[in-house]
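Engineer: Can you keep this structure in mind? I'll have questions shortly.
The values are calculated or read from the model by the stated rules, or taken from the named source; none is laboratory data. Note that the structure is a prediction, hence the values are computed from the model and not measured. Reconstructed Cβ throughout: ideal geometry from the backbone, glycine too, with neighbour counts over all protein chains shown.
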Amino acid sequence: MNIGGVLTAILAALFMGTMGVFSRKTGLDAEVITFFRLFLGAGFLTLLMAFTGRIRLLWSWPTWPVLINGLMLAGFIIFYVQAMYLTTMANAIMILYLAPLVASIFAHFFLGEKLNLISAGLICSALFGFAMMMEFKIDFSSGSNHALGLGFAALSLFCYAAFILINRIIRTSVHVYTRTFYQLLTGALCMVPFFIGDFPAITPTTWLWLAGTGFFPGFLGILFAVIALERLPAATFGTLAYFEAIFVVILGWMIFAETLNVVQIAGCLLIIASGACKGYLAAYAVPAGKRKDLPQVDPINSNT
């Protein structure tokens, strides 16, 4: 059974979905918020390792794939932000959320994670549900440079898909805490050049919101995503990742009084149904950590 992997994937999606709330509450530029999300996330993970007596894991070489994935983590965020500057948010996010499907197809052909008809159908239905939530809008009536904006969105898609895939192939002998810490830290350092010359004034209240940014979508969101990607195939993680969109919508409704029409509600229900079916199938599959081609290392309790 792989219930743990399914639960961590859903939790990762839910915690990452809180990013929109913290972004609105801080009112800071995306580059600054992203830096604190990743940098403070690394800090909270350091505290966790210190309290659990595993601080020594920081002295382990994280391997080049881990550092490269830190670049991918920063890349998919910053390219997405640039895409929204040049085209509409709907256009950018529609392209970005093709990444789970792209990662699943790549894993099918190159990682031996074969997609059966049911898995492919559930991924496509979740993607269709997401399109329903976005009301199938590809809007070219606004935005300064759609072609360039769509190009940045495609780069964001590539980085997000690479983040999923690289976490699937990173050797399990690299502890999940080590991997997560260095991905967060590398991603944070990549953000510094974008705002170092114009660092904003931050009020005490804003610091509290930034701490929440680092803890929920940063520390918890990324950590659970890395854990889930070690335990689940790319196709399963990709399907469950669409829960993030649902949680964003729910938070917008609860906190900012945003409303949904019938099509958007139907899209939410379709994603939930697709994710529930895929999660059920994955929960009773052979855990990824027990595949014959990988060492059987517990990602949480290993002292490697």
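Engineer: Looking only at residues in the stretch 188-208 that are within 18 Å of residue 26 (Cβ to Cβ) and among the small types (Gly, Ala, Ser), which one is surrounded by the most Cβ atoms within 10 Å (Cβ to Cβ)?
Structural biologist: By that ranking, first place goes to 188.
Engineer: Take the stretch 73-107 and flag every residue that is more than 15 Å from the chain's Cα centre (by Cα) and aromatic (Phe, Trp, Tyr).
Structural biologist: Answer for the stretch 73-107, where residues must be more than 15 Å from the chain's Cα centre (by Cα) and aromatic (Phe, Trp, Tyr): 85, 106.
Engineer: Please go through the stretch 67-108 and give me each residue that is of a type in the set (Phe, Trp, Tyr), more than 18 Å from residue 191 (Cβ to Cβ) and modelled with pLDDT of 85 or more, ordered by number.
Structural biologist: Across the stretch 67-108, the qualifying residue is only 106.
Engineer: For the subset of the stretch 37-56 comprising residues that are more than 27 Å from residue 27 (Cα to Cα) and of a type in the set (Lys, Arg), which member is surrounded by the fewest Cβ atoms within 10 Å (Cβ to Cβ)?
Structural biologist: 56
Engineer: Is there any pair with a first residue in the stretch 250-272 that is within 19 Å of residue 14 (Cα to Cα) and in a helix (DSSP H, G or I) and a second that is at pLDDT below 80 and of a type in the set (Ser, Thr, Tyr) whose Cβ atoms are under 8 Å apart and which are 6 or more apart or on different chains, and what are they?
Structural biologist: 253/259
Engineer: Within the stretch 247-267, identify whether any single residue is buried (at least 16 other Cβ atoms within 10 Å of the Cβ) and at pLDDT 85 or above, and answer yes or no.
Structural biologist: Yes; the residues of the stretch 247-267 include at least one that is buried (at least 16 other Cβ atoms within 10 Å of the Cβ) and at pLDDT 85 or above.
Engineer: Could you please find all residues in the stretch 95-120 being in a helix (DSSP H, G or I) and either charged (D, E, K, R) or buried (at least 19 other Cβ atoms within 10 Å of the Cβ) (or both)?
Structural biologist: At the first step, the residues of the stretch 95-120 found to be in a helix (DSSP H, G or I) are 95-96, 99-110, 117-120.
Selection gives 95, 96, 99, 100, 101, 103, 104, 107, 119.
Engineer: Before we move on, is residue 218 over 12 Å from the mean Cα position of the chain (by Cα), buried (at least 20 other Cβ atoms within 10 Å of the Cβ), assigned to a helix (DSSP H, G or I) and not polar (S, T, N, Q)?
Structural biologist: no
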